[in-house]
Every structure is written in C-alpha cells, then in structure tokens.
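The values are calculated or read from the model by the stated rules, or taken from the named source; none is laboratory data. Bear in mind the structure is a predicted one, so any value in this text is a computation, not a measurement. FYI the Cβ positions are ideal-geometry reconstructions off the backbone, even for glycines, and counts take in every protein chain you see. Note: accessible area is taken over every heavy atom of the protein model, side chains too, but ligands, DNA and RNA are not part of it. Shrake-Rupley method; radii C 1.70, N 1.55, O 1.52, S 1.80 Å.
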Amino acid sequence: MGRWLKRAFWAVLIVVAIPLLLGLAYNVVPPASTLMLWRWATLQPVTRDWVPLDDIAPALVRSVLASEDARFCSHRGVDLVELRNVMDDAGDGEPSRGASTITMQVAKNLFLWNGRSFIRKGLELPLALYLDAVMPKRRVIEIYLNIAEWGPDGEFGAEAGAQRAFGRPARELTGRQAALMAVVLPNPHRRSAAKPGPGVSRLAGRLQARLPREGAELTACLGPLG
C-alpha cells in the first residue's frame, strides 16, 4: 500500500510541476495550445504563424482587450469584480455569464480542455494567478493572440485569422477588420469576420464606438504597440 501511495504522490507532483515549469518556459518559447496538439494528434489541419506583438495591428490588440477583458491591465489574472457578479447572478438564478479573463483563457488553452466544467474552472483560476505572477502582461496577450482559435478549419493566432478573413497580415488590419476579428473570437465556427452577418456587424460597430473612450486604459500596461 505504501508503494502505491508513493507512486500516486509522485504522479500528482509531476502533473502539478508540468504547467508550473512550462509557464516559465513559455516566457521565451512560443507555445502551442492543447487544441492545436489535439488536432495534430488526430491528423487535422493546423495553421499558425507566430508573430510578435509588434507585428500585430494595435487596433486588434485594443479590440480584443475591449471585447474579452477590459480590466486586463488592472487585475492579477482573475477579475474578482466579474467573478463576484457571476456568483451573484448564479445565486439569483439568472443565466450564467462568463467571467474568464484573457489570462484564464491562456491558462485553459495551454494546459486544460474545452467545455464547461467546474473541475476545469477550478484548475483554471490558480493557473491564471500563476501565469500572471511569472509572465509580463505583454507576454500574456502576445501568447493569447497567437494561440486563439480564429477559424473553423484549424486557423490559430492573429496572423492565420487575418490571412483567412482578409488576405492580409495581422499588422495591416484596419480598425473595422480588427473589430470584426475580435467579436468572432467567442465562436469562430459560427461567426465569420470575412462574411459577417448582421449580428456580427452590429457587435463590431459597437466595439469600434467604445474604443476611443477606452483605448488608452486598455493597453496602459503593455508599453508601445506596433
């Protein structure tokens, strides 16, 4: 029995150590997401061209932050304000709304799996706090923009997404194109930046209207862009 307990202990230690070590390594090594790895393993196509943050249009950085995580620069990986709001809504019996920050999404995409799960969410929170502690904000958003799924056929990252939707590199996106790409992120299998329907166009328009008011605060922690 003692031998099995020892083996279980080492197994748990290894499972915990892997994301901790990878979190440090990913400060310098371009990572792949678990979804990308799954697609490779199942012989499905993957298109991803890693580009540094300076080669991504600032309009896309601002649009994604405004759409996905407006308090990115002020929280420590987990947005406690949004988390409390979600818990209050759940207590009142209202439909659940997501409270995932970009850092939480990076943690999920790098180490966990897709789908709704309390177990996954419970793992996502400490991993996000850890990533925020060991990675600069600039690196977190750079990774996010290079591993986010941006198309239905294995397109990952801003460069592949921009090429698929508009036939141009990510650094040349216009404000309108950046807004369209940002609002398709929640579901790139059902939303299209290349052929936006009325709902996607309306969301992109609202996002563009907000950016002049929020732009500077959104990227205050990132330094110069572009």
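Points to keep in mind about this one:
- Candidates 59, 32, filtered to the one that is touching a Leu at 6+ places or on another chain (Cβ under 7 Å) and under 22 Å from residue 171 (Cα atoms): 59
- Residue among 191, 213 that is assigned to a helix (DSSP H, G or I) and among the basic types (Lys, Arg): 213
- Unique match (being exposed (fewer than 14 other Cβ atoms within 10 Å of the Cβ), within 19 Å of residue 153 (Cβ to Cβ) and without any contact (Cβ under 8 Å) to a residue 12 or more places away in the chain) among 212, 186: 186
- Considering residues of the stretch 87-116 that are surrounded by 10 or more Cβ atoms within 10 Å (Cβ to Cβ) and modelled with pLDDT under 55 only, the residue farthest from residue 22 (Cα to Cα): 94
- Of all the listed residues (62, 39), the sole one being more than 18 Å from residue 225 (Cα to Cα) and either open to solvent by less than 30 Å² (accessible area, probe 1.4 Å) or not acidic (Asp, Glu) (or both) is 39.
- Residue in the stretch 117-135 that is open to solvent by 50 Å² or more (accessible area, probe 1.4 Å), out of contact with any Gly (no Cβ under 9 Å at 6 or more places or on another chain), among the aliphatic types (A, V, I, L, M) and closer than 16 Å to residue 16 by Cα present: yes
- Considered as a group, the residues in the stretch 126-142 that are part of a helix (DSSP H, G or I) and among the aliphatic types (A, V, I, L, M) include one that is nearest to residue 54 (Cα to Cα), and that residue is 141.
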